[in-house]
Amino acid sequence: MADIIQLLPDHVANQIAAGEVVQRPASVVKELLENAIDAQATQIKLLIKDAGKTLVQVIDNGCGMSITDARLSFERHATSKIRSAEDLFQLHTKGFRGEALASIAAIAHVELKSRQENDEVGTQIEIEGSEVKSQDVVVTPIGTSIAVKNLFYNIPARRNFLKSNPVELRHVIDEFHRVALAHPNIGFAMYHNGNEVFNLPESNYRQRIVNIFGNKTNEKLVPVKEDTEVLKISGFVGKPEYAKKTRGEQFFFVNNRFIKSAYLNHAINSAFDGLLREGTHASYFLNLEVDPKSIDINIHPTKTEIKFDDEHTLYALLRSAVKHSLGQFSIAPVLDFDRDANLDTPYSYKNKSVQTPSIEVDRSFNPFQEETVSKASSRSSYTKQPAASWESLYVDLESKSTKSSKDFSEIQLESEEQTPSIFTDSSKLESNHTTYQLHKKYIISPIKSGMLIIDQNRAHQRVLYEEFLKHITIKESVSQQLLFPVQVFFSPEEIACIEQVKQDLEHTGFVFTHFKDDHIEISGIPVNVPAQEVSIILERLISDIQNEVPDTNFSATDLLAKSMSKSLAIKAGQQLTGTEQEHLVNSLFGCKEPNMSPTNKPTFITMDMNELENKFI
Ligand code: ADP
Ligand code: MG
């Protein structure tokens, strides 16, 4: 029988390879931007037409190419970035496969112009479907411009497979964000159909994030920094109260390369554990620097997935770094019994002294001080005090245990125990309270049949929710006048969202003085809203409205009341005085529907004596 195996012609091989490298206009954007960065450009411009379907052009001021290199760059496996397989383990460039330009040229019309610094003139090449149409000498600035037109013009099936322009543009912008975030020291600009979409000057990392995601991002960022021998972590996480329902702002960069990693994402989520509202996602912008030898980026053609040698250590370091930052910025309670200390520091830190383990105690706590129930604004006032030994948690329990063991009110609260008081009979007085706060999360109260366990956050949500509903419906509320009106900046869509519920907001106590294209001016706010939380509350409201599936039951009033009560309710982790606990319990049972939170979750459970006694059998 005759031989039947043939080598595929180059242009066919390139088209096949293109399928791996180029899925959509955004893939071209990624490859061209990365080439410009590898060429040491300091200014990079991206021009897009029709979401990249008609044109993707990248202009850089990088090193440019010689006449021969310009021609060679379109050959498959033509790269200036590696010479041998060993180089793969020392990668400091984005590209290394030498297939991007060959692949792109196989499925589009490509025009390249390039000039090196010491050359008088540059070179211009036109290629269509892998075929070189022309190569000329041109006058062109130093650097390279590559225009990719009519993507997939010769593969109609792939072209038809592309999504609508808004969807493709979203992908392009995502790609642009990733590259721009990984390189704040490079200036980037992006234009779509002739209009400027982004103009990002060279800057530091924080400014880059703010320039991309808007001025209001600045106050949301908490810095994360950790330097160890295996790994350097730097960047920011978003404060938990700003967490969004969409996963949009989650960025990991490893050695300046954007990567996706469900595993590392999990590490962050676990650092945020208990701090996020249900259904919201933490945002993060984190750079990990590791030895290039310890990773393998070669496992995926578009290189967003990489393999780490020691994922477990990375996980533990990342989790503890983020947790530490959240704690330092008083966002999370530092005390964490679940934390596995071995995981947190898997090896010895250089130049770091051993720290005595400490627990967090508020020594200035005074049970007799008048405080309001709404403590949302005091979230940032956690005080860290020197270590108190763990035994102190148990002191006094013993002596009390001779009394009726069934009466919870007799048990000393840990905070009370450590509170020096001028009242001689303070423990007696405080123990008159019939509630006990467990792990700053639940309030326990004895009832006739046994005991009641109340979720403090959900209970408070219910109380606030009914209050807001009342104010909105009877249109009667008390407003606090702001000395200086607050301006809050939003996008036009976000402003439109707020306008939807403007009247209801006014009934809760908001007073708006301006509704402009990009900001709202507020001169009055509801009494129970702390002024510094206004922008967070409105942010969440917008996100709740945007994520609401519009159905027949949609009620702006209800949504507003739910959103505001969620924002303002006492959170888990917040210590409550005996008086506050009682006030909350009483308010809850003064509600119309005390047993459910506004989102239909139980606010309390009961355990009767039989159940309890059965547990001791
Ligand atoms: P890779 O980036 O993997 O090397 P590409 O196909 O993307 O492969 O590019 C091939 C070669 O073309 C690169 O190695 C580089 O030498 C050259 N090149 C591509 N784009 C540029 C650019 N913007 N400036 C300078 N040289 C470039
Ligand atoms: Mg490349």
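Quick notes on this one:
- Here Ser103, Ser84, Ser66 are screened, and the one residue that is small (Gly, Ala, Ser), away from ligand 2 (no atom under 16 Å from the Cβ) and out of contact with any strand residue (DSSP E or B) (no Cβ under 9 Å at 6 or more places or on another chain) is Ser84.
- Filter result for Leu275 (within 14 Å of Lys323 (Cα to Cα), at pLDDT below 85 and within 15 Å of the chain's Cα centre (by Cα)): yes
- Selected residue (criterion: nearest to ligand 1 (Cβ to nearest atom)) from residues of region 32-48 that are buried (at least 24 other Cβ atoms within 10 Å of the Cβ) and outside any loop (DSSP other than H, G, I, E, B): Ala36
- Scanning region 161-174 for any residue that is within 23 Å of the chain's Cα centre (by Cα) and polar (S, T, N, Q) turns up nothing.
- Screening region 83-106 for residues that are of a type in the set (S, T, N, Q) and surrounded by 15 or more Cβ atoms within 10 Å (Cβ to Cβ) and picking the one that is nearest to the chain's Cα centre (by Cα) gives Thr93.
- Looking only at region 32-63, residues that are among the acidic types (Asp, Glu), within 16 Å of ligand 2 (Cβ to nearest atom) and either closer than 24 Å to Asn195 by Cβ or without any contact (Cβ under 8 Å) to a residue 60 or more places away in the chain (or both) come to 2 in all.
So that you can scan it fast, the table gives a plain yes or no per residue for (1) surrounded by fewer than 16 Cβ atoms within 10 Å (Cβ to Cβ); (2) under 30 Å from Glu289 (Cα atoms); (3) touching a residue at least 40 places away in the same chain (Cβ under 8 Å):
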residue	(1), (2), (3)
Ala108	no, no, yes
Ser114	no, no, yes
Thr123	no, no, yes
Ile127	no, no, yes
Ser130	no, no, yes
Ile142	no, no, yes
Tyr153	yes, no, yes
His171	no, yes, yes
Glu175	no, yes, yes
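- Subset of region 107-160 [assigned to a loop (DSSP other than H, G, I, E, B) and polar (S, T, N, Q)]: Gln116, Asn118, Ser130, Thr140, Asn150, Asn154
- Looking across region 70-82, the residues that are without any contact (Cβ under 8 Å) to a residue 40 or more places away in the chain, surrounded by 15 or more Cβ atoms within 10 Å (Cβ to Cβ) and more than 6 Å from ligand 1 (Cβ to nearest atom) come down to Leu72, Glu75, Ile82.
- In region 321-333, residue modelled with the highest pLDDT [restricted to those that are surrounded by fewer than 21 Cβ atoms within 10 Å (Cβ to Cβ) and small (Gly, Ala, Ser)]: Gly327
The values are calculated or read from the model by the stated rules, or taken from the named source; none is laboratory data. For clarity, every value in this text was computed on a predicted model and none was experimentally measured. Using ideal geometry, Cβ is built from the backbone for each residue, glycine included, and neighbour counts are taken over all protein chains shown.
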